[in-house]
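In what follows, a single structure is set out as structure tokens and then discussed.
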Amino acid sequence: MNYRHAFHAGNHADVLKHVALLALCDALTVKPAPLFALDTHAGRGLYPLDGNSAQRTGEAEGGIGRLIAEAPKQPAIARYLAAVRACRSVHGPAAYPGSPWLLAHALREDDRIAACELQPEEAGQLRQHFHADPRMAVHARDGYAAMKALLPPKIGATRYNRGLVLIDPPYEAQLEEFDTALAALREGLARWPQGCYALWYPIKRRRALQPFYRRAAALPAKSILTAELLVRADDSPLRMNGSGLLLLNAPWQLDETLAAVLPALARTLGETSAAEGGLNWLKRPD
């Protein structure tokens, strides 16, 4: 695996993913019962946007940079920007929080987080960033395999009936990654059917994703929702024109939260008039 998220940290895909992740955490923490969160492709958890990798691509300027400058007023976007500011208050003005940092920020003292990262260097950085957080367990292992090992979640004598799984693979295998991810989701649902699952996916040409949508709709979840953000027309196979999240068993009213956010993100981050954001139910809740 050659992928390094440091080149892409803070781009439009991260903005979508992390706005939705915080909204998901906030919806789940309304109830007092403790949660378990599994981040299957965690990366290093914290990124310097003034580092060589981020500066080489400049992708953050079109993502978090533009969002901070425009500061849309939707509550879920304001929540995300507040989390980025909180990260920077501790780690410096150029820091950007990855999903493990946001999970640690949003979840509570009695919640637990497992973060998996296969690349040794990235896993080492992840462990260094969170060594002092007793809620966080870092696993230097394949995240898909960890779903079999860690679900249903039980730590000591505590079983966790509620929580979420974030699957954010690099898609180095391109369309083949969808097969692997869908198989992992089916396995996860069999082991922990009440969990919430979020799978991030890139969008190049959306029509190429039709088989993925059909197969996702057949998963044995109570509800299946996609939330997508395009920053330009989805007509080129050579670049990422947008991205989406496949959300299984989404908490009550999460769709309303995201429906208010996605058009604002498209207006702010869009690069052409073809930019758009929206939701699509593949399976509505009963």
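The values are calculated or read from the model by the stated rules, or taken from the named source; none is laboratory data. From a predicted model like this one, the values you see are computed outputs, not experimental measurements. What goes into the accessible areas is simple: the full protein's heavy atoms, side chains included, and nothing from ligands, DNA or RNA. Shrake-Rupley method; radii C 1.70, N 1.55, O 1.52, S 1.80 Å.
Of the whole protein surface, Glu228 contributes about 20 Å² of accessible area at a 1.4 Å probe radius.
Using a probe of 1.4 angstrom, how much of the accessible area of the range 1-130 is carbon and sulfur, in percent? Walk me through the intermediate numbers first.
Numbers: 2800 of 5330 Å².
That fraction is 53 percent.
Hydrophobic long helices, here whole DSSP H runs in the chain with Kyte-Doolittle means of at least 0.0 and Cα atoms spread over 18 Å or more along the helix axis, are found at 12-28, 75-91, 175-191, 254-269. Kirkwood hydrodynamic radius of the range 169-275, from the reciprocal of the average inverse Cα-Cα distance over all distinct pairs: 14.7 Å. A 1.4 Å probe run over the protein chains yields, for the range 217-263, 37 Å² of accessible area per residue, whole-number rounding.
Put simply, the amide H of Arg141, placed in the peptide plane, has neighbours under 5 Å in Glu117, Leu118, leaving out anything fewer than 5 places away on its chain.
Can you pull the percent of the range 157-207's accessible area that's carbon plus sulfur, 1.4 Å probe, other chains left in place? Of all accessible area on the range 157-207, carbon and sulfur atoms account for 45 percent. Length gained on full extension, Ser236 to His91, computed as 0.36 nm times the residue gap minus the Cα-Cα distance: 48.5 nm. Based on alpha-carbon centroids, what's the gap between the range 217-232 and the range 8-39 in Å, whole number please? Centre-to-centre (Cα) distance: 16 Å. For the range 46-87, the Kirkwood hydrodynamic radius comes to 11.1 Å, computed from all pairs of different C-alpha atoms. Classify the chain as rounded, prolate or oblate from the Cα gyration tensor: take a ≥ b ≥ c as the square roots of its eigenvalues, call it rounded if a/c is under 1.5, otherwise prolate when a/b beats b/c and oblate if not. Because its axes are fairly even, with a/c under 1.5, the chain counts as rounded.
Order Arg186, Arg159, most accessible first, counting only protein heavy atoms with a 1.4 angstrom probe. Walk me through the numbers before you get to the answer.
Working: Arg186 115, Arg159 155 Å².
From most accessible down to least: Arg159, Arg186.
Which of rounded, prolate or oblate describes the range 1-122 when judged by the alpha-carbon gyration tensor and an a/c cut-off of 1.5?
On the way: a/c = 2.02, a/b = 1.21, b/c = 1.67.
Oblate is the answer for the range 1-122, as a/c is 1.5 or above yet b/c matches or exceeds a/b.
Pull out a ≥ b ≥ c, the square roots of the eigenvalues of the alpha-carbon gyration tensor of the range 57-214, then state rounded if a/c is under 1.5, prolate if not and a/b is larger than b/c, and oblate in the remaining case. Could you put the intermediate results ahead of the total?
Details: a/c = 1.62, a/b = 1.11, b/c = 1.45.
In terms of gyration-tensor shape, oblate.
Given 0.36 nm per residue, what is the gain on full extension from Lys73 to Ala33 after removing their alpha carbon distance, in nm? Intermediate values should be presented prior to the final figure.
Values: separation 40, 0.36 × 40 = 14.40 nm, distance 3.05 nm.
Between Lys73 and Ala33, full extension yields 11.4 nm more.
Report, for the chain, the % of DSSP beta bridges that are antiparallel, rounded to 5.
Details: 27 of 43 bridges.
Of all bridge pairs located within the chain, approximately 65 percent are antiparallel.
Pairs of lysine residues in the chain that meet both criteria, 8 or more places apart or on different chains and Cα atoms under 24 Å apart, total 12. Protein heavy-atom accessible surface, 1.4 Å probe, per residue over the range 78-196: 45 Å².
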